[in-house]
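A.B. asks: Quick one: the structure is below, and I'll ask about it shortly.
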4 protein chains.
Amino acid sequence: MVNVGVLGATGMVGQRFIQLLDNHPDFEITSLAASSRSAGKRYEDSTNWYLDDEMPKSVKDMIVVETDPKAMDSDVDIVFSSLPSEFAEKVERDFAKDFVVASNASANRMKKNIPLVIPEVNPQFLDMIEFQQKENNWDGFIVTNPNCSTIALTLTLKPIIDNFNIKSVRVSTMQAVSGAGYNGVPSMAIVDNILPYIGEEEEKMESETLHLLGSFDGNEVINADFKLSASCHRVPVIDGHTESVFIELDDEFEIDDVKDNMANFKALPQELNLFSAPENPVIVKDEMDRPQPRMDRNASNGMSVSVGRLRKDQYFDNSFKYVLVGHNTIRGAAGASLLNAELINDIIL
Amino acid sequence: MVNVGVLGATGMVGQRFIQLLDNHPDFEITSLAASSRSAGKRYEDSTNWYLDDEMPKSVKDMIVVETDPKAMDSDVDIVFSSLPSEFAEKVERDFAKDFVVASNASANRMKKNIPLVIPEVNPQFLDMIEFQQKENNWDGFIVTNPNCSTIALTLTLKPIIDNFNIKSVRVSTMQAVSGAGYNGVPSMAIVDNILPYIGEEEEKMESETLHLLGSFDGNEVINADFKLSASCHRVPVIDGHTESVFIELDDEFEIDDVKDNMANFKALPQELNLFSAPENPVIVKDEMDRPQPRMDRNASNGMSVSVGRLRKDQYFDNSFKYVLVGHNTIRGAAGASLLNAELINDIIL
Amino acid sequence: MVNVGVLGATGMVGQRFIQLLDNHPDFEITSLAASSRSAGKRYEDSTNWYLDDEMPKSVKDMIVVETDPKAMDSDVDIVFSSLPSEFAEKVERDFAKDFVVASNASANRMKKNIPLVIPEVNPQFLDMIEFQQKENNWDGFIVTNPNCSTIALTLTLKPIIDNFNIKSVRVSTMQAVSGAGYNGVPSMAIVDNILPYIGEEEEKMESETLHLLGSFDGNEVINADFKLSASCHRVPVIDGHTESVFIELDDEFEIDDVKDNMANFKALPQELNLFSAPENPVIVKDEMDRPQPRMDRNASNGMSVSVGRLRKDQYFDNSFKYVLVGHNTIRGAAGASLLNAELINDIIL
Amino acid sequence: MVNVGVLGATGMVGQRFIQLLDNHPDFEITSLAASSRSAGKRYEDSTNWYLDDEMPKSVKDMIVVETDPKAMDSDVDIVFSSLPSEFAEKVERDFAKDFVVASNASANRMKKNIPLVIPEVNPQFLDMIEFQQKENNWDGFIVTNPNCSTIALTLTLKPIIDNFNIKSVRVSTMQAVSGAGYNGVPSMAIVDNILPYIGEEEEKMESETLHLLGSFDGNEVINADFKLSASCHRVPVIDGHTESVFIELDDEFEIDDVKDNMANFKALPQELNLFSAPENPVIVKDEMDRPQPRMDRNASNGMSVSVGRLRKDQYFDNSFKYVLVGHNTIRGAAGASLLNAELINDIIL
């Protein structure tokens, strides 16, 4: 068993880490770190547990430690980070001296030699790790995963870009409130309402997606060569981001080819049979009225993205559109870091 | 005063007609028609009133009549129709022999010589009326308004197409449940959820919008010459459709020019000072997080469309995007028919 | 294995039956019956599956049969009924000639010699079965479970009445929309709203609760001897009924005694270790802000009722109050019938 | 015109004060006070306007001042206070030296000689003012209104207690999220959920109601002589508290007498024809499924409480129950203070 720690353990994504790591065959939580307010207390006493499932018994009595590499058990190999952005950059670098840091925070994404990875999409970016360690003289390293709405979109674009020339992508999102954290969206703001703005979300979706679908030439990442535009909105849904996607290809195509490529898409995590890897990263629904967030967010324990309403545009050439649903705090956050860690554990550690 | 009747008076759009006609300076309700189940009863006794405002006192004691031209008071000049699609086609034609029919039903929209009109967009389509009357040998005629989501979109496209060459439009909607009628969307389907499909909605949005922004050459309508794609979704909002719009122009542009053209847009209803015409058909919001359906649906008594987040695309040439909110049962339904009737009353009757 | 059938298999409670029976150690579904519209089709083709969990593979290809004893496999022993009230009375009697009918329908509840049973509360009412069979000359029999809101309340009253003299109970409910069936509550009626009326619900809660906590003297049921009043309301919650309960006892008491009696309550299903029996029928929460429907409805797979905010009244003598949450379509419907069937299978069949 | 100021002008209740004072025939806002963060700025620039109606033009350009009596225009006579509890006690006392303070804050309610008043219920408590001024040597004074849920309940109890002997009252509330302030209830806590606890709410309801329906003997308040118990819950509703009420009388009664007494209830504000006084403080609905918060919260511009489902208990003697809806931030907060000020302006100033 690999011993792991969780940074930001009391928060919403921290709780998802704990939930997903419970009964994990390869990883065992031995350290939980949080802010000074929680440090020194039992985990159960320091945490307002948000998830519908019960808090795993194994963590209730663990004593929360400070968010400091010295406070971490020395036998820990991997730390999962759901630290707030403002602290994450420095703290994760401190941890990377000695630990593998699998981070869901945005602060170190897109930094030179820090791989931003979705295991099904760009595992080759892990080649950056060697450069990262040399440059910083670290024993550990940092690997990051993208923003929640980016992950769901990119997983569905991967089987398309592998088989067709994408000219442009436009995406309009309908995002769940859990994406903003527990206190992020007041009920007064969202009951019987929609918020048409999520800070920095569109910028992240646009830049991260082109980066993930790009290539790493041993020195830097060359972005994918298509145009992309995102418009992001918050809706009264607890969990599960829905995205409406418009795609333009360079060439003629059959819609059934797109569908088959999505439905049959498998990649490295499936080959390696990683524990958290879904059998199908993308599930294609045939029903007219699917995917729906409440019905489809938990597909493959929240690790698959569901796609539906795949259809050609009647007025545009070489164009089609679809709707996707992905679980934002599982596949889009904690599950993303976990799958990164499983991949690293399998092929690097 | 012009005497008016309402067909489908007990339904949700019928109730909006009654609400909007209460205290109208030019129109007075003298007949309310509904199905046989309601006919013969007092309006108050036959109606499950859905609106937050109280039922106007003036209609409570009116006796509901059958949906039949013979049952209508002979001194009625205009009938407003919110009939179900399956009956509307024939019944509206029966009424058109003697009455002006201002219809919100979809059945007769897009039929040859039946004008589909938004007064601020294509009042010249009313020229079809003469052909319609001759062809059918009618004393009255039918004028229709578009689908709720079409109206909001088209009102914002009009000041753009008047000033720029539109190459393409993609729109993703987040539509209120009232658009489906009172029993249209079960709560089990929409609480903590989104429905990614609305029957025929995308087809209507695409065809109606190109039609409305096209031209009438005295014989037929030539569609506007740009490409259009719609993806339609239902969200847990009572009233107010939100739409996320991506626009591509042929040429370079300044975003402030787009904004100014929208904000300063005025048209015939404003010139004629029609009673239900909003001062500004399009209101441009500067706040980062607007428009929102609960906050903006009632702008100008529900007759203005609010636009916000007007911004250039970073990766696309000559492209921008914005979010709009319009009240689907006022500007998008009853208010649309009413403004059509006010225009006709002013320039034709 | 006991072969079982489901009547009303395509409906919401029918789907819960199928979900709960999937992988059951003692029961195996061999017949699914529904209306003529569905009969003859594959189950998957005839059903709009409502539950978040996927439809079990075992039923997808089963051919739905008519709701008729002759259409049922002859090797079926038990049929679960979630038939609409208007058909249930007669149809269940037809089935009872040859089958054990475990019914969630209200039509035959409270009929003479038809036991209305919660296994933890009044298993002795099963003594009625002998009289029922003799009277009707049936080989099978009918056993019913109470209304969803009654079950949750009564489970919490049982450990109280076993240990104290209850003088009066007043209960105000906040009930989930699933209790009305899939199309029961339009979204227009409940978004940003509460409905203060549920047809016949208060009458059922009052009469059924006094009946269940009463005694069967071999001839008729003597109601429990306390006063009871219910006020029932619908709230925008998908699953899980919340009830606010005010209790008056005859005598002085310690609140911790009430708490201990609830928390330690075990009964026959726990002794017999029935498969669907929760370890604790009543779970007492200490947190200030629990129970909550979204957090607690799935306790013990939806079979436990969660109680919280147990506190004395400051102005009333011998009085206390609490809040409960129970899953209305599991413990309150399909799970209730299933536990009845498990009890019967264990002690009668 | 009486010049008035608003303390806490940028908050949710502060905004309701501004909305209700717009176009008021007797009061004119001349000062808006808020925290240091807002002081010195234009009101429009310092305020995130929460209400669906637009911000009144008259206040947009007003410069917000510090919450300090010296910062207030000297020609102000009345200040409305919606200060946070933690500051209200001292600050309101500072203002009371020179101003009439009509407060919605809870801090000074129930203090000796500070009247807690609902104009329709206990206007005679204003006699305390003379004692208050003498004791403190103030030129101004403080008058307070009760908690939102208390006001709605007490308004419906007043016509009962005036005509019958109340033995006991039990009330279970379903309260809107606006009652907790804009950021009070996270959407994560309330979408598809109910919160069964509101801090100090039950204590306030119980003590304030007995106080308001009691008598002032020139020295202290003698509580009303009946028993009262409240259980308070938060529901996913924006505005409008719903309460389920169980009443026990000492004697036999006719339910129609209760109904008539409620429906015909008029009191001092109606006699004096105060501007904000509703024609009927209590509106009795006959429809089976009313009152509902979304439909009835705005009755009489939010100043009436709507009552429905008035019915006898079948098992209890001398008992009945009903459901009420009142607008929590209008009749339950800003409108309550305003009506107090109108009463004072009419009979004292």
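A.B. asks: Give segment A:84-114 a look and list any residue that's part of a loop (DSSP other than H, G, I, E, B), closer than 21 Å to residue A:21 by Cα and touching a helix residue (DSSP H, G or I) at 6+ places or on another chain (Cβ under 6 Å), or say none.
C.D. replies: A:104, A:105
A.B. asks: Hey, can you tell me all the residues within segment B:209-232 that are closer than 25 Å to residue A:308 by Cβ and either of a type in the set (Gly, Ala, Ser) or not in a strand (DSSP E or B) (or both)?
C.D. replies: Answer for segment B:209-232, where residues must be closer than 25 Å to residue A:308 by Cβ and either of a type in the set (Gly, Ala, Ser) or not in a strand (DSSP E or B) (or both): B:209, B:229, B:230, B:231.
A.B. asks: Look at segment A:1-38 and say how many of its residues are part of a loop (DSSP other than H, G, I, E, B) and either aliphatic (A, V, I, L, M) or over 21 Å from residue A:144 (Cα atoms) (or both).
C.D. replies: 9
A.B. asks: Please give the number of the condition residue C:293 fails out of (1) within 10 Å of another protein chain (Cβ to nearest Cβ); (2) surrounded by fewer than 23 Cβ atoms within 10 Å (Cβ to Cβ).
C.D. replies: Result: residue C:293 passes all but (2).
A.B. asks: In segment D:216-232, which residues are free of Cβ contacts under 8 Å to residues at least 60 places away in the same chain and not acidic (Asp, Glu)?
C.D. replies: Within segment D:216-232, D:219, D:222, D:223 qualify.
A.B. asks: Give me the residue from segment C:131-144 that is touching a residue at least 12 places away in the same chain (Cβ under 8 Å) and more than 14 Å from residue C:111 (Cβ to Cβ) and, out of that set, most open to solvent (accessible area, probe 1.4 Å).
C.D. replies: Looking at residues that are touching a residue at least 12 places away in the same chain (Cβ under 8 Å) and more than 14 Å from residue C:111 (Cβ to Cβ), I get C:139.
A.B. asks: Can you pull out the helices (runs of 4 or more DSSP H) entirely within segment A:233-349 that have at least 2 residues that are not assigned by the TED database to the domain that holds residue A:178?
C.D. replies: Filter on segment A:233-349 gives A:335-347.
A.B. asks: Follow-up question, since we're still on this one. Within segment C:10-23, can one find any residue that is crowded, with 17+ Cβ neighbours inside 10 Å, farther than 16 Å from residue C:333 by Cβ and hydrophobic (A, V, I, L, M, F, W, C)?
C.D. replies: No.
A.B. asks: Looking at (1) away from every other protein chain (no Cβ under 11 Å); (2) open to solvent by less than 20 Å² (accessible area, probe 1.4 Å); (3) touching a residue at least 60 places away in the same chain (Cβ under 8 Å); (4) hydrophobic (A, V, I, L, M, F, W, C), which is the only condition residue D:324 fails?
C.D. replies: It is condition (1) that residue D:324 fails.
A.B. asks: Taking only segment B:81-90 into account, find how many residues are crowded, with 24+ Cβ neighbours inside 10 Å and in contact (Cβ under 8 Å) with a residue 60 or more places away in the chain.
C.D. replies: Result for segment B:81-90: 3.
A.B. asks: Can you tell me which of (1) touching a residue at least 24 places away in the same chain (Cβ under 8 Å); (2) touching an Asp or Glu at 6+ places or on another chain (Cβ under 7 Å) is the one residue A:301 doesn't meet?
C.D. replies: (2)
A.B. asks: For segment B:193-212, give me each residue that is surrounded by fewer than 24 Cβ atoms within 10 Å (Cβ to Cβ) and either basic (Lys, Arg) or under 21 Å from residue B:169 (Cβ atoms) (or both).
C.D. replies: Residues satisfying the conditions are B:197, B:198, B:200, B:201, B:202, B:203, B:204, B:206, B:207, B:210, B:211.
A.B. asks: While we're here: Considering D:58, D:74, which residue is among the hydroxyl-bearing types (Ser, Thr, Tyr), surrounded by fewer than 24 Cβ atoms within 10 Å (Cβ to Cβ) and not in a helix (DSSP H, G or I)?
C.D. replies: The unique qualifying residue is D:74.
A.B. asks: Could you tell me whether segment A:181-201 includes any residue that is within 29 Å of residue B:298 (Cβ to Cβ), modelled with pLDDT of 95 or more and either of a type in the set (Phe, Trp, Tyr) or outside the structural domain of residue A:280 (by the TED database) (or both)?
C.D. replies: yes
A.B. asks: Let me ask you something else. Residues in segment B:145-166: is at least one more than 15 Å from the chain's Cα centre (by Cα) and within 14 Å of chain A (Cβ to nearest Cβ)?
C.D. replies: Yes, segment B:145-166 contains a residue that is more than 15 Å from the chain's Cα centre (by Cα) and within 14 Å of chain A (Cβ to nearest Cβ).
A.B. asks: So, in segment D:168-192, of the ones that are assigned to a loop (DSSP other than H, G, I, E, B) and either acidic (Asp, Glu) or within 7 Å of another protein chain (Cβ to nearest Cβ) (or both), which residue ends up surrounded by the fewest Cβ atoms within 10 Å (Cβ to Cβ)?
C.D. replies: Per the criteria, the residue is D:183.
A.B. asks: Out of C:117, C:121, C:65, which single residue is at pLDDT 95 or above, over 24 Å from residue C:331 (Cβ atoms) and hydrophobic (A, V, I, L, M, F, W, C)?
C.D. replies: The conditions single out C:65.
A.B. asks: Looking at segment A:233-258, I want the residues that are facing chain B (nearest Cβ under 8 Å) and crowded, with 24+ Cβ neighbours inside 10 Å and have a partner that is polar (S, T, N, Q) and in a loop (DSSP other than H, G, I, E, B) with Cβ atoms under 9 Å, at least 6 apart or on another chain. Which pairs are those?
C.D. replies: As it stands, the answer is A:235/A:193; A:236/A:193; A:237/B:193; A:242/A:292, since those pairs meet every condition given.
A.B. asks: Against the conditions (1) within 9 Å of the chain's Cα centre (by Cα); (2) surrounded by fewer than 22 Cβ atoms within 10 Å (Cβ to Cβ), where does residue C:334 fall short? Just the number, please.
C.D. replies: Just one mismatch for residue C:334, condition (2).
A.B. asks: Take residue B:22 and decide whether it is acidic (Asp, Glu) and touching a Pro at 6+ places or on another chain (Cβ under 7 Å).
C.D. replies: So residue B:22 passes the test.
A.B. asks: Any idea how many residues of segment C:101-125 are out of contact with any strand residue (DSSP E or B) (no Cβ under 7 Å at 6 or more places or on another chain) and either aliphatic (A, V, I, L, M) or touching a residue at least 40 places away in the same chain (Cβ under 8 Å) (or both)?
C.D. replies: Qualifying residue count, segment C:101-125: 9.
A.B. asks: How many residues are closer than 19 Å to residue A:137 by Cβ and of a type in the set (S, T, N, Q) if we restrict to segment A:73-95?
C.D. replies: 0
A.B. asks: From the set of residues in segment B:217-232 that are out of contact with any strand residue (DSSP E or B) (no Cβ under 8 Å at 6 or more places or on another chain) and either at positive phi or not charged (D, E, K, R) (or both), which is farthest from the other protein chains (Cβ to nearest Cβ)?
C.D. replies: Residue satisfying both the conditions and the ranking: B:218.
The values are calculated or read from the model by the stated rules, or taken from the named source; none is laboratory data. Just so it is clear, the structure is predicted and the values come from calculations on it, not from any experiment. Glycine gets a Cβ as well: all are built from the backbone with ideal geometry, and neighbour counts include every protein chain shown. Areas reflect the complete protein model, heavy atoms only, side chains present, ligands, DNA and RNA absent. Shrake-Rupley method; radii C 1.70, N 1.55, O 1.52, S 1.80 Å.
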